[in-house]
1. Going by the structure shown, is residue 200 in the same structural domain as residue 137 (by TED's automatic domain parsing), assigned to a strand (DSSP E or B) and surrounded by fewer than 21 Cβ atoms within 10 Å (Cβ to Cβ)?
2. Output the residues belonging to region 375-416 that are surrounded by 16 or more Cβ atoms within 10 Å (Cβ to Cβ) and of a type in the set (D, E, K, R).
3. Quick check on region 82-109: of everything there that is surrounded by fewer than 16 Cβ atoms within 10 Å (Cβ to Cβ) and more than 10 Å from the ligand (Cβ to nearest atom), which residue is nearest to residue 166 (Cα to Cα)?
4. Please pick out the residue among 169, 186 that is among the basic types (Lys, Arg) and over 18 Å from residue 84 (Cβ atoms).
5. With 195, 202 as the choices, which residue is within 13 Å of the ligand (Cβ to nearest atom) and modelled with pLDDT of 95 or more?
6. So which residues in region 209-233 are crowded, with 16+ Cβ neighbours inside 10 Å and outside any helix (DSSP H, G or I), if there are any at all?
7. Only residues that are aromatic (Phe, Trp, Tyr) and not in a helix (DSSP H, G or I): list them for region 428-461, please.
8. When you scan region 350-372, do you find a residue that is modelled with pLDDT of 90 or more, closer than 23 Å to residue 432 by Cα and outside any helix (DSSP H, G or I), even just one?
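The values are calculated or read from the model by the stated rules, or taken from the named source; none is laboratory data. From a predicted model like this one, the values you see are computed outputs, not experimental measurements. As a convention, Cβ positions derive from the backbone with ideal geometry for all residues, glycine included, and neighbour counts pool all protein chains shown.
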Amino acid sequence: MKLLSRLLGEPASPKADEAFRKRVDARAAAAFETFEFERLEGAGVELDPLEYHSFLQYPRRDFLPPLAETTGPALLGHAPPAIGGLYVHLPFCPYTCSFCPIPTTTSREDALVSRYMSALETELDAAQPWLAGSEIRSIYIGGGTPTLLETERLVRLAETLRERVSLAKDLEWTLEASPDTVDAAKAEAVVRAGVNRFSLGVQTMSQKLLDSFGRKHSIEQAARAIRILSNSGAEVVNVDLIFGFPGQTRDDIWRDVEMIAELRPDSISWNQLYQLNETPLRERMRRHPHEARAVYSTRAQVHEALSALGYEGRLGHGMYRRSSDRRRYTKNNVDPAGGLLVGFGVSSRGLINDFAYRNSTNLAEYFARVGKTGWGIASGARVTAEQRARRAVLFGLRQGGVPASVLEGEPRAVCDEMAEKLRACEREGLVERAADAYRLTDRALVFQDAVAGHVALGEDERQRFKEWHKPSLQ
Ligand code: SF4
């Protein structure tokens with residue numbers, strides 16, 4: 001192991017390292033192990049870490065009703081609104097990781113990739129009337145593994161986007177990457193083409209864990225990729241990590257912390273393992289609640305370690321950035337304020353004129369829909385007043401606060417129900433009122449997804465999510 005103390009600028013010694021680890025562990029214990037779980041029970045919060053964290057959008061795209069080919073495009077409306085963000089999905093991956101909830105394909109057949117890139121261009125053309133009057137503040141090219149594609153294709157995609165949209169001065173343009181698909185030439189070429197932020201999927205610095213879920217890169221490649229991206233000219237490098245893997249130890253987490261201390265990425269998105277419904281692991285976690293608690297214990301360790309390294313984590317969705325850093329960071333173009341978003345590519349989602357939609361998750365159907373209408377929309381619905389209120393609370397709680405005025409809005413029954421739950425959380429010390437807004441207390445940050453999900457989601461949605469299964473591209 002590397003000497004953390006040296007990385008932290010302290011006199012390097014195993015003793016200093018030990019003291020640092022002890023300090024972080026003591027703080028994590030203070031935040032977690034002394035937490036009275038009765039407080040969660042008292043507020044009615046179900047302590048299941050597996051259910052709520054993936055509500056990156058609301059209404060959730062998986063639950064939108066199916067639409068006929070022409071219905072979705074017709075529901076987009078005509079008045080061009082100010083679109084804030086674009087999401088472009090590239091579903092190609094070098095392998096299939098066993099934990100991954102995203103529909104992807106390992107096929108790299110040239111004809112398929114070419115057809116896909118041309119379908120994206122068709123969608124962009126169809127969206128022109130909606131994009132024409134907008135200054136785009138955020139482009140997120142996600143996947144899949146976008147950097148699996150050849151440099152020429154990525155640069156061509158960037159050019160296609162630049163030709164069709166007007167870019168804001170403070171544009172944040174993210175490209176997702178994986179450690180075994182980036183090199184300096186590719187990274188520098190996409191930065192020259194407009195990308196200014198990379199999000200690198202590292203997941204863990206434990207080789208044993210990487211091997212166990214089918215990733216075929218080494219931890220050395222991961223460290224090398226961070227260095228390459230940091231030297232590419234991009235403004236921001238984000239690193240994606242995961243905790244909660246079966247068999248992941250506290251030492252494994254410390255290895256991740258050492259990597260962060262050494263390589264100092266600008267931001268870290270450190271999320272809990274997504275437990276797919278069909279996996280034995282999820283069943284096990286349901287049957288053994290104490291293992292679920294252990295996941296929270298790890299989360300406390302992660303939180304305290306990152307805080308000790310000078311990162312803060314009130315951005316929601318497991319995002320941490322340096323305390324002095326005020327830049328905007330998006331995760332898969334999550335927009336808590338419900339800003340308008342156009343999604344391109346298979347399974348991507350969008351929100352235009354209060355119409356929330358999702359493209360087909362099936363490649364053949366996606367191609368067929370784009371061929372007929374220019375859009376890949378396969379499901380969608382108008383966002384209701386109830387969903388707007390629930391979204392404001394779900395994202396507000398995780399990202400800084402819910403204005404009390406939100407709870408005075410409509411529909412009354414829904415707002416009253418959420419206000420009642422918030423008051424119960426306040427009584428148990430999970431939520432506090434500050435400057436006329438409800439926000440999570442520091443002690444509740446470890447449980448932020450469970451508390452926010454409990455307060456904001458209706459029983460029927462929680463049930464549906466418990467029964468949700470990953471869609472397949474084929
Ligand atoms: S985790 Fe990343 S590389 Fe692995 S299957 Fe999912 S999208 Fe592909």
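1. For residue 200, the condition - in the same structural domain as residue 137 (by TED's automatic domain parsing), assigned to a strand (DSSP E or B) and surrounded by fewer than 21 Cβ atoms within 10 Å (Cβ to Cβ) - is not met.
2. Across region 375-416, the qualifying residues are 388, 390, 391, 398.
3. Filtering first and then ranking leaves 82.
4. Details: 169 fails: over 18 Å from residue 84 (Cβ atoms).
Answer to the selection: 186.
5. 202
6. Hits for region 209-233 are 213, 215, 217, 232.
7. 438
8. Taking every residue of region 350-372 in turn, none turns out to be modelled with pLDDT of 90 or more, closer than 23 Å to residue 432 by Cα and outside any helix (DSSP H, G or I).
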